[in-house]
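A quick write-up on the structure given underneath.
The values are calculated or read from the model by the stated rules, or taken from the named source; none is laboratory data. Because the structure is predicted, anything quoted here is derived from the model rather than measured. FYI the Cβ positions are ideal-geometry reconstructions off the backbone, even for glycines, and counts take in every protein chain you see.
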Amino acid sequence: MEITKQHERVFNHFDEDGNGTISPRELHICVRSMGGDLSESEAETVVVLADSDGDGELGLEDFVRLMEGTKEEEEKVELREAFKIYEMEEGCGCITPKSLQRVLGRLGQAKTMDECKSMIAYFDLNGDGVLNFDEFRIMMS
């Protein structure tokens with residue numbers, strides 16, 4: 001995990017009393033001031049779950065892990081939404097050459113069925129001829 005200057009600036013903004021840690025109260029106040037919805041009890045729960053040394057507050061590393069985890073979850077949700085666009089049948093859990101061709105056509109990037117099969121084959125790790133979510137995630141990274 002790399003701690004950047006931006007991480008430090010955000011951390012210092014949250015650390016209102018400048019003691020080098022973020023208390024549940026500080027977390028609650030800052031999230032609310034930024035328009036977020038985090039109750040005091042939720043802030044306490046977040047701190048308990050993210051606190052690596054058990055002191056009841058977030059150090060810089062705890063804070064960065066928490067922020068990065070939140071970012072990863074948001075990215076995963078966005079990828080899930082994109083994946084659903086490519087699924088031919090709702091809930092089938094895969095992208096077929098036909099569904100890929102359909103979506104690419106709608107995006108103005110017409111491809112032949114053979115081209116779509118080749119695109120899928122490149123990322124089809126289990127060789128089943130379709131892309132599951134994990135294969136799609138690899139393709140998009």
> Only one residue in 80, 25 is at pLDDT below 90 and either in contact with a Pro (Cβ under 6 Å, 6 or more places away or on another chain) or among the basic types (Lys, Arg) (or both), so which one is that?
Replying inline: 80
> Pairs, please: C-beta under 9 Å, at least 6 apart or cross-chain, first residue surrounded by fewer than 13 Cβ atoms within 10 Å (Cβ to Cβ) and in segment 57-85, second among the charged types (D, E, K, R)?
Replying inline: 76/137; 84/90
>> Within segment 1-23, take every residue that is closer than 13 Å to residue 66 by Cα and touching a strand residue (DSSP E or B) at 6+ places or on another chain (Cβ under 9 Å) and give me the one that is surrounded by the most Cβ atoms within 10 Å (Cβ to Cβ).
In response: 22
> In segment 126-141, which residue that is surrounded by 12 or more Cβ atoms within 10 Å (Cβ to Cβ) and in a loop (DSSP other than H, G, I, E, B) is farthest from the chain's Cα centre (by Cα)?
Replying inline: 129
> Limited to segment 20-36, what total is found for residues that are polar (S, T, N, Q) and free of Cβ contacts under 8 Å to residues at least 12 places away in the same chain?
Replying inline: 1
>> Which residue is surrounded by the most Cβ atoms within 10 Å (Cβ to Cβ), if the candidates are limited to segment 37-51 and must be in contact (Cβ under 8 Å) with a residue 12 or more places away in the chain and touching a helix residue (DSSP H, G or I) at 6+ places or on another chain (Cβ under 6 Å)?
In response: 47
> Looking only at segment 13-28, which residues are part of a helix (DSSP H, G or I) and within 24 Å of the chain's Cα centre (by Cα)?
Replying inline: 13, 14, 24, 27, 28
> Do you know which residues across segment 90-118 are part of a helix (DSSP H, G or I) and within 18 Å of residue 79 (Cα to Cα)?
Replying inline: 99, 100, 103, 104
